[in-house]
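Structure, as C-alpha cells:
Nothing in this text is a laboratory measurement; each read-out follows from the coordinates by a stated rule. If you're wondering where the values come from, they're calculated on a predicted model, not measured in any experiment. In this analysis, Cβ positions are derived from the backbone assuming ideal geometry, glycine residues included, and neighbour counts consider all displayed protein chains.
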Amino acid sequence: MSMEFKGIPWLILAQVLASFFNVHAYVPAVIVFGDSSVDSGNNNQIPTLLKSNFEPYGRDFIGRKPTGRFCNGRLPTDFISEAFGLKPTVPAYLDPDYNITDFATGVCFASAGTGYDNVTSDVLNVIPLWKEVEYFKEYQERLKGYLGNEKASEVLGEALYLISIGTNDFLENYYLLPHRQFEFSEEEYENFLVGIASNFVNELYRLGARKISLGGLPPMGCLPLERTTDIFFGSVCVEEYNDVAHDFNEKLKALVEQLNKQLPGIRLVLSNPYDLLLEMIQNPESFGFESTAVACCATGLFELGYLCNKFSHFTCIDANKYVFWDSFHPTEKTNAIIAGHVVKASLAQFL
C-alpha cells in the first residue's frame, strides 16, 4: 500500500487526504495516548530530562516553534487530525497555553519516554499510562462542564482515539535494564505488554470510547540509535529487535480481533507502521529520501533530547532528505507519509 504514496509531494499530502476523505466523516475530536511518537508537549510541564522544547526541534513547525514534539515539525497525529477535517495540530493537555475550548476537538495525553509497563515510565520519570487515563477522566469532566453532559457524551463516543506506545518498553526498559529480563523471556514480556494493552483498551471502552486505533511498533532495530550500536559491523539494523517488533504487532493484531468480538459496538483497528517504515529505510530513494542510517540532528548517530540542540554540530540543512530527525524519531516528512498510509489503510472506516 505504501507504493501509492510514492511521488506525492508530502507537504500537500494531508490537504489531499482531508479534501478527499472528510466529506463523510463524523469524528468531532481526536484523543491521543502514548509516548514520544505522539507527545505534543506534555513533558514540558513535568520534571523529566526527556524534553524537546528547544531548537532545533520544531524548526519546521508552524511558526518555527519548538513545542515539545520530538520532531522538526508535526507528528502523525497532527496530520491525522487535519485529515479528519479538524485542527492541523493536537494540543498537549498539560500545556497552559490551551484550555477546554481548544481541547474540545482534540487533546493529547501522551508522554515521551513512557510505555505500557509502569517500570518504563519510571526510568526517566515521565507520565505512566495509568496517569494518562486519569488525565482523560479529568478531561471528560471538564468537557461536560463546557459542552453539557449530552453533547460531551456524543463527542466522547464519536471521537477517534489514537494510541501509539510500546517501543520504550523494549529499548528503554527490557533490553537496557536487568529487572524485566530476570522476570520475563522476550515472548513472556510481549505477552505481559499485550495484557496491559488489553486492559487499557477495555478501560477506554468503559469510559465511552468506541473508535480506537491501536498503534503497532516500528522496525525498532533500524532506529539510528540502535544501528549505532553496530557501527563496527556496518551500522546494520538489529534484526532481533525488528523480529520482536514484528511478533509483538502480530499479537496486537490478534488482540484487536479478540476485542472486536468481545466488546459490543467497539470499532478497534490496528494501525501498523512497520512495513511502510521498513520500506522507507530499505528503499529511501522511492520516497525522496537520501539518508536512513543516520538522523538529521547533530551526527545523527546517538543524539536525542538535550543532545540534539541548536549548538549541535553537523545538523543537516534539509530534514526532508532524512527518514529520521534525531536518533529515535522520524522527520515531519516521514510522519506525513505514515499518517497518510494509516488514514488510507486502517482509519478509512471512520471516514
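The fraction of Cα-Cα pairs per 10 angstrom bin, counted from 0 for the stretch 128-223, comes to 14, 38, 27, 15, 6 percent, rounded to whole percents. Dimensions of the stretch 169-297 based on its C-alpha atoms, expressed as ranges along the principal axes with the largest first, amount to 51, 40, 23 Å.
When Rg and the Kirkwood Rh are both derived from Cα coordinates, the Rg/Rh ratio for the stretch 75-152 amounts to 1.01.
As a rough footprinting exposure proxy, the listed residues Thr334, Thr292, Thr101, Thr229 were ranked by other beta carbons within 10 Å of their own, and the order from fewest upward is Thr101, Thr229, Thr292, Thr334.
Each peptide in 109-120, 130-141 receives the mean, over its residues, of other Cβ atoms within 10 Å, and ordering these scores from highest gives 109-120, 130-141.
Candidate membrane-span-like segments in the chain, meaning DSSP H helices with Cα atoms spread over at least 24 Å of their own axis and a Kyte-Doolittle mean of -0.5 or above, are 186-206, with no membrane implied. Among the chymotrypsin sites (Phe, Trp or Tyr not before Pro) within the stretch 252-322, those in coil by DSSP and having at most 13 neighbouring Cβ atoms inside 10 Å are Phe311, Phe314.
Across the stretch 287-343, Cα pairs under 8 Å and at least six residues apart give a relative contact order of 36 percent.
State whether the stretch 151-196 is rounded, prolate or oblate according to the following rule on the C-alpha gyration tensor (a ≥ b ≥ c being the square roots of its eigenvalues): a/c under 1.5 gives rounded; otherwise a/b larger than b/c gives prolate, and the remaining case gives oblate.
The shape class here is prolate.
With a simple spin-label model that places each label point 7 Å from the Cα along the Cα-to-Cβ direction, the separation between Gln349 and Glu55 comes to 4.6 nm. Segment Phe182..Gln282, full-extension length gain: 32.6 nm, with 0.36 nm per residue of separation and the alpha-carbon distance subtracted.
Note on the stretch 50-65 and the stretch 130-154: Cα centroid distance 29 Å, given to the nearest whole angstrom.
In terms of its alpha-carbon gyration tensor, the stretch 21-76 comes out oblate; a/c meets the 1.5 threshold, while b/c is at least as large as a/b. Taking Cβ atoms as reference points and 10 Å as the exclusive limit, the residues near Asn272 contribute a net charge of -1, counting Lys and Arg as +1 and Asp and Glu as -1.
Isolated cysteines of the chain, defined as having no other cysteine beta carbon under 4.7 Å away, are Cys71, Cys108.
Which net charge results when you count Lys and Arg as +1 and Asp and Glu as -1 among the other residues whose beta-carbon is under 14 Å from that of Tyr306?
-1
When the listed pairs Lys65/Lys87; Lys51/Lys87; Lys51/Lys344; Lys65/Lys310 are checked against a 21 Å cut-off, the alpha-carbon distance exceeds it for Lys51/Lys87; Lys51/Lys344. Measuring nothing but how far apart in sequence close Cα pairs (under 8 Å, 6+ apart) lie, relative to its length, the chain scores a relative contact order of 21 percent. Spread over its residues, the convex hull of the C-alpha atoms of the chain is 126 Å³ per residue. Local charge for Glu158 was computed over the other residues whose Cβ lies under 14 Å away, with Lys and Arg +1 and Asp and Glu -1, and equals +2. Percent of alpha carbon pairs in the stretch 277-351 separated by more than 15 Å? When all Cα pairs of the stretch 277-351 are counted, 55 percent exceed 15 Å.
When all alpha-carbon pairs of the stretch 48-200 are counted, what percent fall beyond 25 Å?
Summing the P(r) of the stretch 48-200 above 25 Å gives 38 percent of all pairs.
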